[in-house]
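To start, the structure under review is shown below, and the notes come after it.
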């Protein structure tokens, strides 16, 4: 036994941590292709209708976007992970993510031509026609969003707060911030709420007020309803 404590010091010495030099990999890389699955909604609906004659299959778009996707959002939960800053240049340079966007638009236009051919050659009935219009329109609406993103200054394509704060930042490098304003659910459920304005206001008004500390004058208020809302919330 020593009297200077050197043995104890040696026992308590912690080895220096060696930095992990392995390159970062996007573990969700292949999941980006799921964006193209939306294009299959009309095809899946048409095949179901052709096999069964049931018009409900022609409503595949609204069913998936307004029901199935919100349920999946709830089951999977929120993704709060961010790529490290050291990987941003790698992500920015990758053409894979760009092709996931570029492929959508020509496939969408081809699907639109096919969908109009279906309408002109097949008796769908009024219920089937309405569902088909919603399904094809849902695919087109997402295509419009893609066109919006492709029009950004650096050709960029929801980490939506970061997207608006940094519009030239590529979609795959957008970051999650815990203190950023965020909708209570994904686009699917929020689109459904938007169809019913009273329900939308029930869900969203209190959240907007909370964001501004209860001061409704800081919010962007519709001018024709300003007096009514000020009287209600002040």
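Taken together, the values in this text are just the output of simple stated rules run on the coordinates, not laboratory data. What you see is a predicted model, and the numbers here were worked out from it, not measured in a lab. Heads up, the Cβs are rebuilt from the backbone with ideal geometry, glycines too, and the neighbour counts pull from every protein chain shown.
Each of residue 123 and residue 74 was given a label point 7 Å from its Cα along the Cα-to-Cβ line. The distance between the two points is 4.0 nm. Could you tell me the distance between the Cα centroids of the range 55-120 and the range 165-229, to the nearest Å? With the range 55-120 and the range 165-229 each reduced to a Cα centre, they are spaced 22 Å. Taking other C-beta atoms within 10 angstrom as a stand-in for reagent exposure, 59, 32 fall in the order 32, 59, fewest first. Neighbour counting of Cβ atoms within 10 Å sorts the residues 73, 79, fewest neighbours leading, into 79, 73. Here residue 34 and residue 182 are evaluated by their C-beta separation; at R0 = 22 Å the FRET efficiency comes out at 0.55.
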